[in-house]
Structures are given as structure tokens and as C-alpha cells.
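Peer 1: Below are the C-alpha cells for one structure; questions will follow.
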Amino acid sequence: NLFDQSVIIFTATWATGRGNRDATMCACMTKEALLEICKQNQLYRTPSLNDKLYLNFKGFSQIACLEDYVNLKALFLEGNVLESLEGLPPLKELKCLYVQQNCIYKISNLQAVENLDTLNISNNQLTHLDGLSCCKNLRTLIATHNHLATLESVEHLAECKSLQTLDLQNNQLSDPAILDVLKQICDLRCLYLKGNPVVSNIRNYRKVIITSIPTLTYLDDRPVFDNERKIAEAWLEGGLEAERAMRNKLKEEEDNRNRKNHEFMMQMRAQGWRERRERLGLPEGETDPAYDELSDGEYEFEEEPQELIDARQRLAAYTGRPGEEEPEELSRQRQQLASDSKVIMEGQWCRTAEDDGCAYLESVKAAQAELNRSAIVLTQPKGSGPGTPRIDDACQSEVEYGSRVVTAAASCERNGATAVDLDELD
């Protein structure tokens, strides 16, 4: 297959680059090759002192010369071209064996590692899982991406009584009877079956698996919590109605727990406040003494200025400008006038805001012209001479200010402005 070709190409390329000596070392697992690997990985040169050995991705085709590594606890052999586990010596201390990404067709010779705890044999060419029952302490088996397709290919798992974690993802298992095999694994806790047709072939897959394996705590992509197990068991006994009833019951129980916890917390806080008040010599109570001086009444808003109220009343006596949104207070004031049978006069609005500005300028100019005429009468009385009335300084300043307003208004009108800020002219 594609993986075998990749391994062969990698081995040939590596051998070509390193020379015949390294090619011989990588192809055959000799004592010298193992010693060189220990040196590269900063391990002990004395084989019996090593508790782990990294032989991964070396292109080894068979296992050999491991007899001296009697104290190994973890052996890494992934990424080679092994076709079997023959040659594995008795390693009584070995707990973890990693032989994924090889070309293994059959599991054999595991009686040499009878105390094995974890076996990763994924990404191989397995069509049957057998030869595992000799490992009485095997708790974790990872056999993903193999060629397991029939019920017979996994029947041997029923003899692995100590198995706790089983990963069979991405195989071709399709027979729902596989569940009968899994039920015989007494202490199975984690199960992974994603990527197999059997997931679709079992109706209500997750509920069925959970109710069939009481010890299961993790299934595929998420844990199995106690509430989910109770719901699944209720569904098994009474169908959807029993499932809904169980969901409601669990929700009520959770609400009761939360309420009790909240009440207990409030009691603890009140007790703490009582003790603090007693220490500070304050009157008895169940409130925080730090907040005694704060008012618990509603916020009191400041009253509106009387000038604003009067202006709103005057403006409410006229209709609003068409197409413009008015303040809510003004609308309520106008409705109140209408309910009191007051006449709402029609407002004389210009067509645009620019027309309003022009009308304002005209009113300013008219008022200033009237002011100027009054000033001229005071400054140019009939006759002349010592008895002629003289304008005082305040009147003279007013005349000069009025002249500037008229000049500025005329300038704004020529430039197309629509309003004049009299405060800026001061």
C-alpha cells in the first residue's frame, strides 16, 4: 500500500545519504546499532540500565538483539517496516509497547511481555485481533486504521478481562453484534468506535452503548456523565416519555440543589454580618453595616428649570413641524392641552431649515434697525450748541454693538449662512 511504499522510499533514501555502514545499521537491529542509538539519545551505554529505548523511524525490518535490555519499561518501534513481533525477547518489566505505523499482519509473541499494560498497534495491516489473552494486565489497546471488518476479527477481545481503554476507530467494523463482545469486557471504561460503519448501523447508537456497558465513562468524543446514563436507562425502560420525565426530574433536582446552596450562602453571609455588628457595637440586624448610611429609597431626579417648563408650554400651543420628530415631553404637553379643550394653533413653519435661518436674520436686522433709529434720535437732536443733549457712554456702546450685528448679519446673508451667533460677536 501507500504507507509501505513510503517507508521503503524513506529507507532507501536514508541509506543512500548515510552510506553503506549506516544503511547496514538501520536495516539490521544489531548490538552495535542499538548502542549507537543509545548514544544519540543520551541513554546509558549499559543496556540493563535503560528503562526506555527509542527505535522509531529507523527502517528496521525485524526485532533482534534486545536480550540485554531486561529492564525496559517502554519500547518505541513505530515507523519501521516490521512484519511481526517475532524476535521480541522476554521483557518482564515492559509496560508500554508502541509498534504503530509498521507492516504487521498478525499479533504474535506477546507471551514474552506478559506484564504489558499499553499496546499501540494502529496503522498496520491487521485483519484479526488475537494473541492478546496472554497479557493478563493489558489495560489499553489502540488498534486504529487497520483492516478489522468482521465480528470474528474482534471476538478475541472478550478474553481480555482487564482491558479498560479500547480504540478501534477507522476500521471496517459493521456488525452490530460486536456489542455482545464488548459486553464481556468487565472493566471497559473508554471506547472509541468512530469511523466504523457500525456506528450508523446501531440505531440510537450512543444510548444503546451506554446502557449495554455499565462501566463506560467515555464514548468516542465526549465523557459519559451520570445524568446521561440515567436518561439513557430511562429511555431503555420506557421510551421517549420516560426519557422526558427523567430529564424534568434531573432538572428539578439541580434547581433544588442550587436553591439550597444559595440559601445556605445567604445564611452564612447574614451570620457574618450579625457577628460584625456585635463586634462594632451596632444595633442588631442582618445587613452589611458598611451600607447603613446609604439610602435604600428610589433615586430622586432633579426638577426641570421653570424656564424650560414655560417654554415647552408655549411651544405646545402650536403644531409641530411636519416630518420632524419631537421630544416626548412636548408631545405629552400638547396632548394635555388638547384634552383640556385648548386650541392648538397652526405653526407657521418655513419649508426648509435654511428658510428658518433667513427669517431669523431678517428679524435680527429689523430689531437692530429699530434700535439704530432710536440711537440716532438721541445723538442728533434739533439745534446745536452747549444745550444739546449728549449721549452717554452706555448708549454709544450699544449703537456700536448694533452696527456690528447688522454688518455681520449682512455678511452672513451674502455668504449663504443661515444663522448668527450673537455671543461670538461680543
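Peer 1: Compute the Cα gyration tensor for region 60-203, then decide on rounded, prolate or oblate, letting a ≥ b ≥ c be the square roots of its eigenvalues: rounded whenever a/c is under 1.5, prolate when a/b is larger than b/c in the other cases, and oblate in all that remain. Working shown, then result.
Peer 2: On the way: a/c = 2.37, a/b = 1.61, b/c = 1.47.
The shape class here is prolate.
Peer 1: Right, something else. Out of region 31-139, which GluC sites (Glu not before Pro) are coil in DSSP terms and have no more than 13 other C-beta atoms within 10 Å?
Peer 2: Sites meeting the loop and neighbour criteria: E67, E86, E93.
Peer 1: For region 251-258, what does the Karplus curve 6.51 cos²θ - 1.76 cosθ + 1.60, with θ = phi - 60°, yield as ³J(HN,Hα) per residue in whole Hz, taken in order and with x for Gly and Pro?
Peer 2: 5, 5, 5, 5, 4, 5, 4, 5
Peer 1: Taking 30 Å as R0, compute the FRET efficiency from the Cβ-Cβ separation of K365 and E307 and round it to 0.05.
Peer 2: 0.65
Peer 1: Exactly which chymotrypsin sites (Phe, Trp or Tyr not before Pro) in region 202-234 are in a DSSP loop and have at most 11 other Cβ atoms within 10 Å?
Peer 2: F225
Peer 1: What residues have an amide H closer than 5 Å to that of S108, excluding those fewer than 5 places away on the same chain, when H is modeled at 1.01 Å from N in the peptide plane?
Peer 2: Distant-sequence amide H within range of S108: L85.
Peer 1: Residue by residue, what Karplus-based ³J(HN,Hα) values in Hz, rounded to whole numbers, does region 316-321 have, using 6.51, -1.76 and 1.60 with θ = phi - 60° and x for Gly and Pro?
Peer 2: Values, residue by residue: 5, 6, 10, 5, x, 5 Hz.
Peer 1: Can you figure out the FRET efficiency of E152 with R259, using R₀ = 60 Å and their beta-carbon distance, to the nearest 0.05?
Peer 2: Values: r = 55 Å, r/R0 = 0.92.
That gives a FRET efficiency of 0.60.
Every read-out reported here was derived from the displayed coordinates using simple, explicitly stated rules and does not represent laboratory data. The model shown is predicted, which means the values in this text are computed figures rather than measured ones. Every residue, glycine as well, gets a Cβ built from its backbone with ideal geometry; the counts of neighbours run over all protein chains shown.
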